[in-house]
Amino acid sequence: MFIHFKTNTLRLGIVILALNANVILASDLKISVVDEKEQPLPWTVVYVKQNKVLNQKKQIIVDQVDKEFTPYVTAIQKGNAINFPNNDNIRHQVYSFSKAKQFEIPLYSGNPLRPVTFDKTGVIAMACNIHDWMSAYVYVVDSDKFIVTNEQGKGVISGLNAGEYQVLAWHPKLKGESVDTTQSINIGALDTQIKFALEKKTLLKSWRAPKNNRRRGY
Amino acid sequence: MLNNSFYLCVFILLSLPTQANNSQWVEWIAAAQVSVTNIDNLNISAFNNDKVADNRLAISTSFGRFYQISSTSRFHLALDLSTDKHRDTELLDETAYGINIGFRHKFGVGFKVPYMQIGLNSTSHDVKADSWSRNISNASFELGQHFSERLSLAAKLNYSSSNGSSGPIVIEDISGNPFDQNHWQATVYVDYMLEQNWLLTLNLGYRDGDILSACDKNNVDIVWEKENITAITKDDIFGGCVYSLKASAVMYGANISYALSNHTALDLAINAYSGQADVLDYKGKNLMLVFNYSY
């Protein structure tokens, strides 16, 4: 009985140690992205370069509402698919000529027949052929640790084990080549913070508001 | 005939159901515009001592629908209704109603693919001074292209025809209907986005054909002596005569738009023309503040 008690205590100790080890090793990376005027920069994809990637299949949706794509920027893991429902009461025609994925969904309303699979990393710029101002981006990464910053230019990547990492940032309107979009970081026991300051172009998309109707073009 | 066409279009727009085929009636058009314009030469006079300046408040609306023919082509059918009020020259106040039809075709898929647009419209202008009431029809052809997110260009050719009523004959053997007119105009538009919410549009055009001018009794003799008047009649509005003659003009302008939202914009525009008949010059400019809405 004494031997049983010692064995059970030993087992309990190992479990407690293992649990604590997980708590110690996995931390959050708190991300902040600003532009050249120190203003929050939403729609920035920030991801961690990994040697081992956990393949996660997710349901991803890029919607069309009030003649706009929602969201403007979507980050997905390589091999995942995106569904493009059209919740407008009009038809759209979605296309992309980007090298990472060329596709076209001809004029449709409601749900298209099948989602589009993105199996190459890179940038995919999409648009609607009917409504010229409609544009959006998909950024495909070979990582399972990534976020897209919110309106406040912030995001959190959770569950990072201790170690050295390269963290990369991308925004659809990055200006020029001389922008610091890669940082090395050491993840430790506590949550880590990282800040990117990116220079971006002024325009997000082309003109949508009505033009003076002397032109008589809708 | 215009009345019948108007009601026919209302019937077509409201009665055809949306179908779930490749070509179908799709989105609705609902647009409105409110503008205040300062016009420095309302009567398009060639004489500085005769020019009448005034301010005009105009409200216009369009209601219609697009019909998607294919992924690259669509046409629209819309009804237009507008009203103009002048601060001083009340007799020029008018209500206008009409139809407009347009066909647009993109030469492929893509943002920078050129497009062409054909437009036809016919409007009945019911002016307080009855003699000035007339029907105006336009046919236009436009080619355009986006060159980048900031820059786009368009070139438009427009033919306009106006039909009015004949007034009393004031000069023997000269028509008493100066409101029957035709002219051509070719215009180039440059749109440039300065910032996300700011758009600058420049336009430069050339107009050739009939112009309508009104002047007082003192200046009519000068016009008759120097120019080849094609029609002239007594004028109820500016106190002399209203006449037509052939002239050509350079039209130019600039418009700055501020996007209040995806559906609304505020515009400030200045437009000017510099025209010449055989001898006399016709110049004018107007300054507009416009609120635009589109569904």
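The chymotrypsin sites (Phe, Trp or Tyr not before Pro) of segment A:29-77 that DSSP puts in a loop, and whose beta carbon has at most 16 other beta carbons within 10 Å, are A:Tyr72.
With a sphere of radius 9 Å drawn around the Cβ of B:Gln185, what net charge do the other residues whose Cβ falls strictly inside it have (Lys, Arg +1; Asp, Glu -1)? Summing Lys/Arg as +1 and Asp/Glu as -1 gives +1.
Quick one: Cα centre-to-centre distance for segment B:138-178 and segment B:74-116, in angstrom? Here the two parts' Cα centres lie 13 Å apart.
The charge dipole of segment A:80-218, taken about the Cα centre with unit charges on the Cβ atoms of Lys, Arg (+1) and Asp, Glu (-1), comes to about 980 debye, rounded to the nearest 20.
Both numbers refer to the Cα atoms of segment B:129-187; Rg and Dmax are 18.1, 59 Å. Comparing B:Gly164, B:Gly110, B:Gly253 in a Gaussian network model of chain B where C-alpha atoms under 10 Å apart are linked, the largest mean-square fluctuation is found at B:Gly110. Under the Kirkwood approximation for Rh and a Cα-based Rg, what ratio Rg/Rh is obtained for the protein assembly as shown? Result: Rg/Rh = 1.16.
In whole angstrom, note down how far apart the Cα centers of segment B:216-258 and segment A:80-106 are. Cα centres, segment B:216-258 to segment A:80-106: 55 Å. Across every pair of non-identical alpha carbons in chain B, the mean reciprocal distance, once inverted, gives a Kirkwood radius of 20.9 Å.
Amide H contacts of A:Ile90: none lie under 5 Å away among residues 5 or more positions distant or on a separate chain (H built 1.01 Å from N in the peptide plane; Pro and chain starts excluded).
Per-residue ellipticity at 222 nm from helix content only, as computed over chain B with -39500 (n - 2.57) for each DSSP H run of at least four residues, stands at -2500 deg cm²/dmol. Kindly express, to the nearest 10 degrees and within the range 0 to 90, the angle between helix B:217-226's C-alpha long axis and the longest C-alpha principal axis of chain B. Result, in degrees: 80.
Taking trypsin sites (Lys or Arg not before Pro) as exposed when DSSP calls them loop (any state but H, G, I, E, B) and at most 14 other Cβ atoms lie within 10 Å, what is the longest stretch of chain B free of them, the sites themselves excluded? In short, B:113-295.
For the pair B:Asn182 and B:Lys226, what calculated FRET efficiency results from E = 1/(1 + (r/R0)^6), where r is the Cβ-Cβ distance and R0 = 25 Å, to the nearest 0.05? So, using R0 = 25 Å, E works out to roughly 0.65. Sparse packing (at most 11 other Cβ atoms within 10 Å of the Cβ) combined with a DSSP loop state is found for the following trypsin sites (Lys or Arg not before Pro) in segment A:87-151: A:Lys99. Legend: translational diffusion of segment B:178-295 by Stokes-Einstein, Rh = Kirkwood radius over C-alpha pairs, 37 °C, 0.692 mPa s; D = 200 µm²/s. Other residues with beta-carbon under 13 Å from the beta-carbon of B:Ser244 carry, at +1 per Lys or Arg and -1 per Asp or Glu, a net charge of -2. Bridges between two residues of the protein assembly as shown, per DSSP, are antiparallel at a rate of about 95%.
With a simple spin-label model that places each label point 7 Å from the Cα along the Cα-to-Cβ direction, the separation between A:Lys57 and B:Ser161 comes to 6.5 nm. The angle between the Cα long axis of helix B:2-15 and the main principal axis of chain B comes to about 10°, on a 0 to 90 degree scale. Applying the criteria of a DSSP loop state and at most 12 other Cβ atoms within 10 Å to the GluC sites (Glu not before Pro) of segment B:116-172 yields B:Glu172. Here the scattering of segment B:247-295 is modelled by Debye summation over its C-alpha atoms, one equal scatterer each and no solvent; at q = 0.13, 0.24, 0.25, 0.33 Å⁻¹ the log10 of I(q)/I(0) is -0.44, -0.81, -0.85, -1.10.
Where a number appears in this text, it was derived from the coordinates with a stated rule and is not lab data. No experiment lies behind these values; they were computed from the predicted model shown. Positions of Cβ are backbone-derived with ideal geometry, glycine not excepted, and every protein chain shown enters the neighbour counts.
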